Amino acid sequence: MSLDTVDRQLIASLKLDGRMSYAELAGRLGVSEGTARNRLARLVEAGSIRILPIIDQMQLGYRLNAWIGVRCRPGAFRRVAGELAGFHAVRYVGACTGAYDVICEAVFLSQEEMLRFLESELPTVEGITSTDSSIVLEISKLGYEWELREEDAGPGPADPDTEPARTRGARGTKADDQGGRR
């Protein structure tokens, strides 16, 4: 999906407050409330964005953050990644190249909980040949703070919401002119 300036501004606004009203979004974007609602619906329906709570793990007592590099038997990395994704402590899993076949991030309440995970839960996953663990000492940036680059915003092919204003109805986008839903 291609994003234009309005889409990018909408995303930036929701990063400040994911519960922002359509009226406030419209005011920030300089568009009608219907346009803001339709743009947001299009982004959500396309899977380009999801509106979810951001949990501050430290505030909830999960002060121990660890990265675990996993080496697997040949052909087992997808199954291993899938099983690791099912553990409560694991919040990120990715198959990768390099020193490890799979890397995961896990959060724990204590060293005892991490030790229990490493000794009791991790060994139940078939296909793991070895692991290396690193404790994160300080988090400098979290993924939800990631920004789109300007070059990612190029107009897409025949997107009715990026047509010049003179071809739209008086109320905003074509979706607005069609009663709000496409």
If we ask which residues in segment 1-21 are touching a residue at least 12 places away in the same chain (Cβ under 8 Å), part of a loop (DSSP other than H, G, I, E, B) and not charged (D, E, K, R), their number turns out to be 4
Exactly one of LEU10, LEU43, LEU60 is aliphatic (A, V, I, L, M), within 30 Å of ILE135 (Cα to Cα) and within 22 Å of the chain's Cα centre (by Cα), and that residue is LEU60
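For (1) outside the structural domain of VAL107 (by TED's automatic domain parsing); (2) farther than 15 Å from ILE11 by Cβ; (3) in a helix (DSSP H, G or I); (4) touching a helix residue (DSSP H, G or I) at 6+ places or on another chain (Cβ under 6 Å), each residue gets a yes or a no:
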| site | (1), (2), (3), (4) |
| --- | --- |
| ALA23 | yes, yes, yes, yes |
| ARG28 | yes, no, yes, yes |
| ARG39 | yes, no, yes, yes |
| ARG42 | yes, no, yes, no |
| GLN59 | yes, yes, no, no |
Cβ pairs under 7 Å, 6+ apart or interchain, first in segment 31-52 and at positive phi, second modelled with pLDDT of 95 or more, ordered by first then second residue, are none
Considering every residue within segment 63-70, establish whether at least one is outside any strand (DSSP E or B), crowded, with 16+ Cβ neighbours inside 10 Å and modelled with pLDDT under 95. no
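The values are calculated or read from the model by the stated rules, or taken from the named source; none is laboratory data. Bear in mind the structure is a predicted one, so any value in this text is a computation, not a measurement. In this analysis, Cβ positions are derived from the backbone assuming ideal geometry, glycine residues included, and neighbour counts consider all displayed protein chains.
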